[in-house]
Amino acid sequence: MKILLNSDNKLKIEIKSEKEAIELGFKLGLKAPNKSLIILSGPLGSGKTVITKGIAKALEIKEPIVSPSFTLFQEYSGTKELRHLDLYRIDSIEEFDSLGGEELFYLDGLTVIEWGEKIDELPYSKRIRVTIEVDQSNNRQIEIEGLTL
């Protein structure tokens, strides 16, 4: 893992492997304050669920972490609760609200949302935004806003 820039409440990191993605998630899981909303944005296959596995590892969750693409929501217990949502199949904030999604933001623990850019308009102060881009070498260029590691 290579830190490229760390300023203005933004952190830019390059990762080259799944192991580094899990390591990054682990650091996020340790540093994120209680009731944080972690928004993971990036193309299919960019590593959003892999980063979530690292967050779960930091919270000492023993269950396997899988993408909730079809179930939309998974909940896990560890040193803190982890709620893992995947909004790939959600088309609007209204649809998210109809599922009771915003209520999850205020529960103890951490809430990780893949494809969370779909609900960016919702106000929430403890938001950590993780944006993943995949470069031509298949490395991940990651920008983190709202948290310093």
Explain nothing, just compute: Karplus ³J(HN,Hα) = 6.51 cos²θ - 1.76 cosθ + 1.60, θ = phi - 60°, for every residue of segment 78-83 in order, whole Hz, x for Gly and Pro.
x, 5, 9, 6, 10, 10
Just grab the label-to-label distance for ASP120 and THR79, each label 7 Å out from Cα along the Cβ direction, in nm (one decimal).
3.2 nm
Out of LEU107, LEU11, LEU122, a Gaussian network model of the chain with alpha-carbon springs under 10 Å gives the largest mean-square fluctuation to LEU122
Please check: in the Gaussian network model of the chain (C-alpha springs, under 10 Å), which one of GLY78, GLY109, GLY54 has the largest mean-square fluctuation.
GLY78
In deg cm²/dmol and to the nearest 500, what is the mean residue ellipticity at 222 nm of the chain if only DSSP H runs of at least 4 residues count, each as -39500 (n - 2.57), divided by the residue total?
-6000 deg cm²/dmol
Taking Cα atoms only, Rg over Rh for segment 2-145 with Rh from the Kirkwood formula is 0.94
Given unit charges at Cβ for Lys, Arg (+) and Asp, Glu (-), the dipole magnitude of segment 100-143 about its Cα centre in debye, nearest 20, is 120 debye
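Every number here is computed from the coordinates shown, using simple stated rules; none is lab data. Because the structure is predicted, anything quoted here is derived from the model rather than measured. Don't worry about glycine lacking a Cβ; one is built from the backbone with ideal geometry, like all the others, and counts go over all protein chains shown.
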